[in-house]
Amino acid sequence: MPTLDEIRQTVAEFDITHVGVAAADVLADTRSTLISRKAAGLNDTMEFTYRNPERSTDPARAVEGARSVIVAARPYLTDTDPEPPNSGPHARVGRYAWSDHYAPLRAGLRVVAKQLKAAGHRAVVFADDNSIVDRAIAHRAGLGWFGKNANLLLPGAGSFFVLGSLITTADYEHQHTTANDGCGSCTRCIADCPTAAIVAPGVIDAAKCLSWIMQKPGTIPLEFREAMHDRIYGCDDCQDVCPISIRLGKRNTIALDPTVQAWVDALALLDADDDWIADRYGYWYIAGREMRWLRRNALVVIGNVGDPADTHVRSMVERYRADPDPILAEHATWAARRLDQRHLPTAP
Ligand code: B12
């Protein structure tokens with residue numbers, strides 16, 4: 001069975017920079033947090049890890065006889081950012097979704113899982129899966145502390161990391177120390193969240209978090225549409241304003257892959273069929289795999305940042321006002337009004 005150092009070397013080839021080990025015991029505090037936040041409605045309509053807190057906080061429910069959880073973190077901040085396009089209304093994508101960062105994370109951990117299986121152990125990889133609360137197990141493995149923005153921040157590296165786990169019956173020495181809180185008295189993320197979704201340090205009200213609002217099926221509440229601005233998927237504000245994540249994140253970057261999808265041509269998306277959208281953005285979480293939710297978001301973006309004098313923008317909005325999907329038609333009507341509003345000459 002590979003040593004922890006050997007595991008670190010193996011996964012480094014997949015740009016995984018941090019590895020820790022946690023005991024596979026029940027995450028009792030997280031279980032009660034999930035239950036109490038659900039009771040308080042802070043999960044809004046989200047299921048994910050909230051669906052079955054008994055399951056998502058017990059590694060042994062995922063892998064029978066589990067002894068250890070090997071936790072890995074992979075940075076997704078890029079060394080340079082792609083230039084924003086200078087034509088047409090373009091929609092902004094959250095950094096974690098510029099490409100499928102979970103794929104290399106899982107691939108690296110799967111190499112280790114194979115080695116553990118060859119040594120006679122059970123070993124299963126989970127990343128962004130409802131089976132385990134990733135931040136909580138990473139916290140137990142000593143990888144980082146919970147920031148006030150709820151993200152797990154890695155000492156000396158910040159929060160722009162995706163997290164994944166390998167739950168195994170193999171026995172590894174567990175981490176016994178927890179990372180110290182590094183936020184101190186800073187509350188920038190709380191103050192600068194565009195929708196005041198951080199209702200207490202480390203506590204997100206999902207109903208107000210743009211990241212969830214843009215994923216959630218249904219109508220986008222009117223009070224959040226302007227705050228969405230040019231975002232179509234993901235919101236980075238609580239990390240972008242974090243002095244630690246920005247300063248230290250710059251030392252823990254990955255090379256910018258020219259194929260990343262940091263911007264979405266909103267008009268092209270609205271003109272495209274479902275297959276075209278799924279081909280490009282299918283690795284995102286899209287509720288029910290219904291592409292209409294991305295079209296809905298694109299309509300809000302067009303209303304917020306489209307050029308009111310651009311005939312292409314106007315005709316696309318008019319086309320969607322006549323759409324048989326009542327949700328899309330309503331968002332298009334909102335976009336038309338917003339364009340009109342933004343077109344008004346400013347008072348002298
Ligand atoms: C549901 C979910 C969401 C929801 C809800 C987020 C949330 N905060 O719960 C939505 C859709 C809004 C979301 C958004 C984002 N997500 Co998300 N999401 C998840 C998912 C699937 C489950 C998270 C969960 O169980 N939350 C339940 C609650 C109870 O947990 P929590 O908020 O982390 O709360 C902890 C703290 O409050 C802490 N705590 C308790 N008491 C106290 C007290 C204090 C003072 C403090 C500071 C903390 C603290 O303990 C709690 C339990 O661990 C995980 C994947 C997974 N399987 O775990 C990814 C995950 C958490 N998301 C991730 C990412 C990248 C994001 C976004 C940055 C994406 C984006 N750019 O839009 C945003 C960040 C929003 C934010 N500030 O949290 C990463 C986070 C990586 C990291 N370094 O932390 C994860 C781990 C995915 C992954 N495998 O990499 N996400």
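Data overview
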| quantity | calculated |
| --- | --- |
| Test: residue in the range 201-211 that is part of a loop (DSSP other than H, G, I, E, B), more than 8 Å from the ligand (Cβ to nearest atom) and under 14 Å from Val300 (Cβ atoms) | no |
| Failed condition for Ser245, given (1) in a helix (DSSP H, G or I); (2) in contact with a helix residue (DSSP H, G or I) (Cβ under 8 Å, 6 or more places away or on another chain); (3) open to solvent by 30 Å² or more (accessible area, probe 1.4 Å); (4) hydroxyl-bearing (Ser, Thr, Tyr) | (3) |
| Residue match in the range 273-284 (condition: touching a Ser or Thr at 6+ places or on another chain (Cβ under 7 Å), in a loop (DSSP other than H, G, I, E, B), of a type in the set (A, V, I, L, M, F, W, C) and surrounded by 15 or more Cβ atoms within 10 Å (Cβ to Cβ)) | no |
| Candidate set from the range 170-183 (those that are closer than 25 Å to Pro155 by Cα and open to solvent by 50 Å² or more (accessible area, probe 1.4 Å)); member that is farthest from the ligand (Cβ to nearest atom) | Glu173 |
| Residue within the range 12-22 that is in contact with a helix residue (DSSP H, G or I) (Cβ under 9 Å, 6 or more places away or on another chain) and exposed (fewer than 14 other Cβ atoms within 10 Å of the Cβ) present | yes |
| Flag if Ile232 is part of a strand (DSSP E or B), more than 10 Å from the ligand (Cβ to nearest atom) and touching a helix residue (DSSP H, G or I) at 6+ places or on another chain (Cβ under 7 Å) | yes |
| Some residue of the range 73-85 being surrounded by 14 or more Cβ atoms within 10 Å (Cβ to Cβ), among the hydrophobic types (A, V, I, L, M, F, W, C), touching a Ser or Thr at 6+ places or on another chain (Cβ under 9 Å) and closer than 23 Å to Thr3 by Cα | yes |
| Some residue of the range 213-224 being within 26 Å of Cys189 (Cα to Cα), away from the ligand (no atom under 16 Å from the Cβ) and open to solvent by 10 Å² or more (accessible area, probe 1.4 Å) | yes |
| Index of the failed condition, Thr49 passing every other in (1) among the hydroxyl-bearing types (Ser, Thr, Tyr); (2) within 30 Å of Leu269 (Cβ to Cβ); (3) away from the ligand (no atom under 12 Å from the Cβ) | (3) |
| Tally, over the range 92-116, of residues that are assigned to a helix (DSSP H, G or I), touching a Ser or Thr at 6+ places or on another chain (Cβ under 9 Å) and more than 8 Å from the ligand (Cβ to nearest atom) | 7 |
| Residue match in the range 119-127 (condition: near the ligand (Cβ under 8 Å from one of its atoms), open to solvent by 10 Å² or more (accessible area, probe 1.4 Å) and within 14 Å of Ala72 (Cβ to Cβ)) | yes |
| Selection status of Arg289, of a type outside the set (S, T, N, Q), at positive phi and surrounded by fewer than 17 Cβ atoms within 10 Å (Cβ to Cβ) | yes |
| Residue in the range 231-264 that is modelled with the lowest pLDDT, counting only those that are within 22 Å of Tyr285 (Cα to Cα) and among the hydroxyl-bearing types (Ser, Thr, Tyr) | Thr259 |
| Output for the range 158-169, where each listed residue is over 16 Å from Gly108 (Cβ atoms) and crowded, with 22+ Cβ neighbours inside 10 Å | Gly158, Ser159, Phe160 |
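The values are calculated or read from the model by the stated rules, or taken from the named source; none is laboratory data. These figures come from a predicted structure and were not determined experimentally. We place every Cβ from the backbone using ideal geometry, glycine too, and count neighbours over all the protein chains shown. Quick note on the areas: whole protein, heavy atoms, side chains included, nothing else; ligands and nucleic acids left out. Shrake-Rupley method; radii C 1.70, N 1.55, O 1.52, S 1.80 Å.
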